[in-house]
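The structure appears right after this line, and notes come after that.
No value in this document is a laboratory result; all are computed from the given coordinates. Not measured: the values here are computed from a predicted model. Every residue, glycine as well, gets a Cβ built from its backbone with ideal geometry; the counts of neighbours run over all protein chains shown.
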């Protein structure tokens, strides 16, 4: 007989954990460049789709399969292809299976961000199948399927190790073997900042993940019918939120001290670090223990990101290795310190801490061996990394034929891949206007103004008001850095980067140049970095093609009413 409340609780948790895929997709998309946004979305979609099938066919059986009602095997479950046995108790079998499926998908998708912007899509698809069918289920059996770690008393309630560290270790080896993105390190191996294209999307992803984590941790009780389970779920919710909040706060403070400004992307990672850290012991620690785990995770994440980027020279665009690998292991170990029953701080000795350490080490070793073999095999067969030209052009274009994920908002960037351009037939010239000798009596001056695109309308109106009607406006990219203004992105000093600008050009003769300059200064001035610059050049001559007029006369255009 099934318990309806328990079934609904598990299904609600399943839906929330499934929606974590959207959170991961937004974080990874926001923390990477726009030219790879479509590829990121496609990978997050397909690792769930392929992983679901692989877990159904093989993975679930290896994780939970039993043989004739006998005790679970210590190292691997009995294969149950296509899940033909019944695994239900208080809840229907398929409710439990679906809940475990979305957990498997969470572990698989972690690698996507660490290997972003340079991984072949086919290789990522094959990786998704293998980790879901074999790698995650084996270590999952040890912890949750009645395997040898479970028998030792290893405690990982919702998956700091079983889910997050597995994905984090896989991400570490994937990013190590594939190598850094082009331009990430200079010739002296100094890290260069490559900012993501949308912190807004990144923040949205973090909030989605935070919201869904209540289902990730709370739903792992698998029950809500009894008073005890309701108390446990409530405590888990509170501990989960507290750890995340204090982790983000700790990260903000550390970055404020180290970089002189609170780092936005690192603080977002800090919130995720707290969530990952508390996942193992959310049911076993007090609020004070949850607070301590959150603060420690929030501090460690900063130095972990810096270590992998600056010392180990491992390029991880989203911080997946640090968030899931480091903080997953850390959170599991801290259960042995802060658990009310068995923790060191409660005078229970080092027994639980020793078991936690053994479990973390064993899972890390298994995942490392499996992932190194898999990634090396992919590298030697289908290839792991796209070509240099493809990486520069962006994976959206090469892997998916997508010029831009933001087609209505930005033009397609010319690609280094290119295609052959055919030469058009020449147009015959039947009449050439007579060219007169340039007049030297009038002085003509070209004024070029470079500024923010948002200031165009104000500038145009200001110039129109003083009689400047003809102008050419182009979108350009400019770079520069104000002296004394040091910028950081995830702890790495930001080099001058290209930013979209507006370039307005006009040639004047009748209108005084000083009037143009003063009008432009008045329209553009804000007092902040980026107001722009004005360049003044002498013009030898101007020829109006339509009439053949030159010099001063060529500049006297009549205003044609619209």
One finds, for residue 445 and residue 188 with R0 = 45 angstrom and r their Cβ-Cβ distance, a FRET efficiency to the nearest 0.05 of 0.50
Using Cα atoms only, what is the angle between the long axis of helix 166-178 and the major principal axis of the chain, expressed in degrees (0 to 90) to the nearest 10?
40 degrees
Can you give the convex hull volume per residue for the Cα atoms of the stretch 214-289, as a whole number of Å³?
70 Å³
For residue 544 and residue 505 in one chain, what is 0.36 nm times their gap in residues minus the Cα-Cα distance, to one decimal in nm?
12.4 nm
So how do 8-17, 136-145 stack up, highest first, on mean other-Cβ count within 10 Å?
136-145, 8-17
May I ask you to give the average projected area over all directions of the convex hull of the Cα atoms of the stretch 444-555, in nm² rounded to one decimal?
8.4 nm²
Extended-chain gain in nm, criterion 0.36 nm per residue less alpha-carbon gap, residue 407 and residue 514
34.5 nm
Relative contact order (percent) for the stretch 1-160, with alpha-carbon contacts under 8 angstrom and 6 or more residues of separation?
33 percent
Extension length gain for residue 341 and residue 494 (0.36 nm per residue less Cα distance), in nm, is 50.4 nm
antiparallel share of DSSP beta bridges within the chain, to nearest 5, in %, is 100 percent
For residue 307 and residue 528, what does the FRET efficiency come to when R0 = 41 Å and r is the distance between their Cβ atoms, rounded to the nearest 0.05?
0.70
Give me the Kirkwood hydrodynamic radius of the stretch 4-400, using the inverse of the mean 1/r over all pairs of distinct Cα atoms, in Å to one decimal.
20.9 Å
As an exercise, use a Förster radius of 22 Å and the Cβ-Cβ distance of residue 475 and residue 49 to find the FRET efficiency, rounded to the nearest 0.05.
0.05
Which residues does a label at residue 8 reach in the stretch 213-235, if reach means a backbone N under 15 Å from a point 7 Å past the Cα toward the Cβ?
223-226, 230
Give the relative contact order (percent, whole number) for the chain; include only Cα pairs under 8 Å separated by 6+ residues.
17 percent
